[in-house]
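Let me begin by presenting the structure, written as structure tokens, before commenting on it.
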Amino acid sequence: MVENYAVEVKNVSKRFGKVIANDNVNLKVKKGEILSILGENGSGKTTLMNMLSGIYSPDEGEILINGKKVIIRSPKDAFALKIGMIHQHFKLIDIFTATENIILGRPNNRMLNLAKVKNELQELIKKYGFELDLDKKIYDMSVSEKQTVEIIKVLYRGANILILDEPTAVLTPQETEKLFTILRNMKKAGKSIIIITHKLQEVLDLSDRIAVLRKGKYIGTIKTSEANISYLTEMMVGKKINLDIKRAEVKDSKTRLEVNNLTCINNDGRKVVDNVSFTAKGGEILGIAGISGSGMKELLEAIAGLQKIESGKIKYFDEQGNSKDISQIDISFVPEDRLGMGLVADMGITDNIMLRNYSKGRSIFLDRSSPKKIAKKIVDQLKVVTPGIETPIRRLSGGNIQKILVGREILQNPRVLMVAYPVRGLDINSSYTIYNLLNEQKKKGVIVICVIEDLDVLLALSDRVMVLNNGKITGIEDAKTISKEKIGIMMTKNVEGGSYEYKNKWEKKKELYIS
Amino acid sequence: MNIRINGKRKKNYIYLKKRDQISMKKSIGIRIIAIIMALIFCALIIIPITHLNPLQIYLEIINGAIGNKRRIWVTIKDILILFIISVGLVPAYKMKFWNIGAEGQILMGGVATAAAMIYYGDYFPNWLLLVIIFIVSSIAGMIWGVIPAIFKAYFNTNETLFTLMMNYIAIQIVAFCVIFWEKPKGSNTVGIINSATKQGWFPPIFNLTYGMNIILVLIITILVFIYLKYTKHGYEIAVVGSSINTAKYININVKKVIIRTMALSGAICGLAGSIIVSGASHTISTATAGGRGFTAIIVAWMSKFHPVAMIFVSGLLIFMEKGSIQIASLYGLNENASDIITGIIIFFLIGCEFFINYEIKLKKD
């Protein structure tokens with residue numbers, strides 16, 4: 001044996017129908033190292049990792065673990081080889097405690113010594129520097145705590161090779177830093193860690209080496225010490241691109257949109273938007289930050305007239321300064337749930353374009369000719385890749401779907417444009433197309449309100465950033481001067497109080513069930 | 001532990017792969033193979049049980065369905081009825097409204113038709129009476145479709161249970177009317193209505209007894225498919241069926257669409273009731289719908305709402321039904337024997353959908 005790698009992937013290919021997800025991919029992971037797998041959406045990162053964790057099996061090629069050739073046919077096989085994967089979407093049972101979730105699916109031992117298990121878990125927690133209350137129920141946990149449970153679960157089962165699929169996508173900057181500390185501790189303990197991500201800065205901060213995939217092909221592995229952001233982007237995309245987002249100055253400085261003491265209550269009777277007041281100017285991009293479930297979705301829906309408003313007012317001021325009710329204003333809204341709300345998955349581009357305007361005119365028949373022209377225009381201008389404009393859009397990639405949705409909404413010539421997570425799941429090129437479109441609207445004097453997960457992008461794109469936390473505004477700041485870390489603190493600072501309220505409600509519910 | 005370290009043991013294993021697309025030719029080919037396999041399978045059952053030559057039985061089935069001119073016309077008449085009921089179900093299913101109440105909607109349409117024939121038979125010329133029949137039967141079916149739709153739209157009740165229960169109410173109403181209109185007294189049937197005057201009967205067109213049935217079914221079918229494909233209403237149905245959230249997002253009044261679509265669906269099923277009563281049986285009983293409201297569900301779904309496919313599927317089902325009556329009387333088998341054959345064919349046809357969606361591949365290790 002030459003050098004003993006923990007994982008070796010040799011010439012692995014995987015196809016789904018006509019799509020080649022992985023084309024002759026090679027990968028080596030040493031013991032005690034952190035390897036980042038970098039690639040755009042659809043580059044085959046997750047497919048590759050799913051083959052390591054036994055969810056898919058490769059069409060060609062071989063996988064070696066600790067120098068031995070293996071065939072991993074199920075997640076069970078993967079566990080036996082001490083490979084553990086932490087998926088992007090957690091697989092935990094809400095009403096169980098952390099401990100209960102961790103011991104689930106453990107190899108069958110007749111006797112379960114809970115006290116002993118807990119002691120062992122405490123040791124793990126201490127060893128790597130986790131922070132976790134083992135008796136806390138999952139439904140009381142924040143996203144980062146849930147992730148901790150997933151990681152401990154995998155470690156407790158003895159995994160030596162950990163695969164993390166976009167672990168930081170849902171974390172605040174502070175939580176990300178904590179996670180990285182833990183991962184570094186694991187590395188010191190000799191574990192091999194593979195982390196899938198597309199956040200370049202994090203890759204540079206954390207990993208020892210970086211493997212890059214592009215469109216299913218393996219591009220190469222480089223040492224982090226020899227890498228920089230622009231070089232990595234070039235590897236990922238295949239060409240140089242300018243990563244700067246230009247921020248145009250706000251021209252129209254008049255206040256156009258005014259939201260006063262807006263409160264919305266969801267079906268559970270919880271205040272999802274709690275006494276929110278803010279203003280927005282024409283030609284301004286107002287960014288909204290917040291951890292998921294903080295009320296961003298409901299706030300946007302309330303402005304779009306899709307959410308019932310409990311109390312408060314939303315007003316729009318026209319050129320003459322007359323206040324108008326928001327329902328009379330042309331609002332475009334790109335919702336978070338593209339296929340479930342913004343578009344119809346089974347319809348082609350034309351029929352999806354038609355969604356907005358089909359009812360115009362007296363005729364009982366549909367006019368498909370003008371939407372068809374618009375569809376062609378969007379396909380041309382935004383470079384949508386599709387077999388044809390009548391192909392059901394569910395067969396298109398996420399980026400193309402989003403281009404259609406954003407394209408349609410912008411062509412309505414709105415006065416207010418609201419976008420929720422507009423670049424989620426999009427490749428770099430598509431993302432920049434979307435940022436440019438938002439900037440163009442801003443220059444036209446449209447009020448642009450956007451919710452974006454990536455705080456770096458949010459700060460670069462917006463003029464002002466509003467932070468929502470548990471339905472309340474915790475700050476509206478100038479995006480040019482505020483730091484990412486401060487935003488992170490504002491996103492989480494009052495959450496203790498919030499979850500306490502929520503917990504109380506749970507306790508009450510439980511009492512009801514018992515009585 | 002089923003990890004096999006690479007060594008001497010090599011093993012092939014098969015796995016499933018989802019097809020992205022399948023050519024028309026291939027998918028029809030798979031279905032034909034399924035029918036052939038179903039017939040072979042039936043033969044394997046027929047031989048040990050009846051000791052008859054299965055080929056002979058199949059020939060008798062064909063003979064029973066299309067053996068002579070009269071049989072051909074009866075088969076066509078029944079195909080048309082089953083087909084038009086499935087057409088009536090399509091708008092509801094496109095909206096993902098699980099209407100299993102066609103049976104009741106047909107019966108209500110049938111009762112309304114019978115009432116018009118009995119009470120207005122002597123007062124209006126036949127053409128006007130038929131117009132009245134079409135109006136009242138579709139209104140009756142419409143009411144039966146709209147009631148569950150209103151409850152669905154406003155109280156989000158389960159439409160499957162609701163429409164099913166409406167069937168039983170319709171059966172009871174028919175049973176009541178049959179006793180009310182009983183003729184001759186004590187027979188417990190209505191008998192042939194207006195048998196002497198033929199008032200309210202579909203008149204023969206081009207010398208064809210069922211000519212009017214054909215024309216009526218054709219017109220309704222074309223209108224329904226134009227409605228679904230080219231009108232704003234049809235588009236709204238597709239959006240509501242695909243995602244209620246999208247419908248709300250673009251300001252479609254979902255409640256209105258649900259009620260309006262079920263009104264249409266119910267009206268067509270009601271009209272189907274008038275085609276059965278006025279155009280075929282000329283009587284009414286609790287068996288007027290005869291389970292066709294349920295069989296039509298199979299037709300609609302198996303053909304994925306494609307009108308041409310719907311004709312083929314309803315044709316196949318009626319063909320087997322007619323053939324089975326023939327073999328039942330000829331060989332002293334009871335009718336269930338042929339239901340078994342139909343059942344096996346349907347089973348294979350539905351089963352072959354799997355091979356249309358997936359392909360099986362052999363992997364060499």
Flagged in region A:356-374 as under 17 Å from B:Y235 (Cα atoms) and surrounded by 13 or more Cβ atoms within 10 Å (Cβ to Cβ), in numbering order, are A:R356, A:N357, A:Y358, A:S359, A:F365, A:L366, A:D367, A:R368, A:S370, A:P371, A:K372
Of the residues in region B:15-42, those that are of a type outside the set (D, E, K, R), within 18 Å of B:T342 (Cβ to Cβ) and either within 14 Å of chain A (Cβ to nearest Cβ) or in contact (Cβ under 8 Å) with a residue 12 or more places away in the chain (or both) come to B:A34, B:I35, B:M37, B:A38, B:L39, B:F41, B:C42
Out of all the residues in region A:458-475, is one or more of a type outside the set (F, W, Y), in a helix (DSSP H, G or I) and modelled with pLDDT under 85?
no
With the structure loaded, tell me whether A:K116 is more than 14 Å from chain B (Cβ to nearest Cβ), within 25 Å of A:K187 (Cβ to Cβ) and charged (D, E, K, R) or whether it fails that test. no
Residues in region A:73-94 that are in contact (Cβ under 8 Å) with a residue 12 or more places away in the chain and part of a loop (DSSP other than H, G, I, E, B) total 11
For A:K505, are the conditions met, namely being among the basic types (K, R) and at pLDDT 50 or above? no
So, first residue open to solvent by 50 Å² or more (accessible area, probe 1.4 Å) in region B:133-151, second residue of a type in the set (V, I, T), Cβ within less than 7 Å, six or more apart or across chains; the pairs are B:I150/B:I259; B:F151/B:T157
Residues in region A:382-411 that are over 17 Å from A:K443 (Cβ atoms) and assigned to a loop (DSSP other than H, G, I, E, B) total 13
Matching residues in region B:237-259 (assigned to a helix (DSSP H, G or I), within 8 Å of another protein chain (Cβ to nearest Cβ) and under 19 Å from A:R394 (Cα atoms)) number 6
### Message
Condition first: under 23 Å from the mean Cα position of the chain (by Cα) and away from every other protein chain (no Cβ under 14 Å). Can you find one or more residues in region A:438-447 that meet it?
### Response
yes
Those residues of region B:84-100 which are within 20 Å of B:V308 (Cβ to Cβ) and open to solvent by 10 Å² or more (accessible area, probe 1.4 Å) amount to B:K94
The condition of being at pLDDT 85 or above, farther than 30 Å from A:S397 by Cα and open to solvent by 20 Å² or more (accessible area, probe 1.4 Å) holds, among A:I102, A:I95, A:I65, only for A:I95
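Results for (1) more than 10 Å from chain B (Cβ to nearest Cβ); (2) aliphatic (A, V, I, L, M); (3) within 27 Å of the chain's Cα centre (by Cα), shown as yes or no for each residue.
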site	(1), (2), (3)
A:V12	yes, yes, no
A:K28	yes, no, no
A:I37	yes, yes, yes
A:S43	yes, no, yes
A:T47	yes, no, yes
A:E62	no, no, no
A:D77	no, no, no
Checked region A:210-233 for anything more than 24 Å from the chain's Cα centre (by Cα) and open to solvent by less than 60 Å² (accessible area, probe 1.4 Å); matches are A:G220, A:T221, A:I222, A:T224, A:A227
Condition set in a helix (DSSP H, G or I) and not hydroxyl-bearing (S, T, Y), scope region A:1-54, selection nearest to A:I65 (Cα to Cα): answer is A:L52
Being open to solvent by 10 Å² or more (accessible area, probe 1.4 Å) and either modelled with pLDDT of 90 or more or closer than 19 Å to A:P335 by Cα (or both) narrows A:E390, A:E453 down to just A:E453
Cβ pairs under 8 Å, 6+ apart or interchain, first in region B:282-308 and on the phi > 0 side of the Ramachandran plot, second open to solvent by 40 Å² or more (accessible area, probe 1.4 Å) and outside any loop (DSSP other than H, G, I, E, B), ordered by first then second residue, are B:F305/B:K94
- Message: Can you say whether A:N228 is closer than 30 Å to A:V9 by Cα and touching a residue at least 24 places away in the same chain (Cβ under 8 Å), as far as the supplied structure shows?
- Response: yes
Condition set touching a strand residue (DSSP E or B) at 6+ places or on another chain (Cβ under 9 Å) and more than 10 Å from chain B (Cβ to nearest Cβ), scope region A:334-390, selection nearest to A:K403 (Cα to Cα): answer is A:V334
Considering every residue within region A:264-276, establish whether at least one is open to solvent by 50 Å² or more (accessible area, probe 1.4 Å), under 30 Å from A:S144 (Cβ atoms), in contact (Cβ under 8 Å) with a residue 40 or more places away in the chain and among the β-branched types (V, I, T). yes
If we keep only residues of region A:324-339 that are without any contact (Cβ under 8 Å) to a residue 60 or more places away in the chain and assigned to a strand (DSSP E or B), then the residue nearest to the chain's Cα centre (by Cα) is A:D325
Taking region A:126-138 and the residues there that are in a helix (DSSP H, G or I) and either among the acidic types (D, E) or in contact with a helix residue (DSSP H, G or I) (Cβ under 7 Å, 6 or more places away or on another chain) (or both), the one that is surrounded by the most Cβ atoms within 10 Å (Cβ to Cβ) would be A:Y128
Quick count over region B:158-191, residues being over 16 Å from B:V111 (Cβ atoms) and either touching a residue at least 40 places away in the same chain (Cβ under 8 Å) or surrounded by 14 or more Cβ atoms within 10 Å (Cβ to Cβ) (or both), is 5
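The values are calculated or read from the model by the stated rules, or taken from the named source; none is laboratory data. This one's a predicted model, so the numbers in the text were calculated from it and none came from an experiment. Don't worry about glycine lacking a Cβ; one is built from the backbone with ideal geometry, like all the others, and counts go over all protein chains shown. Side chains included, ligands, DNA and RNA excluded: accessible areas come from the protein's heavy atoms. Shrake-Rupley method; radii C 1.70, N 1.55, O 1.52, S 1.80 Å.
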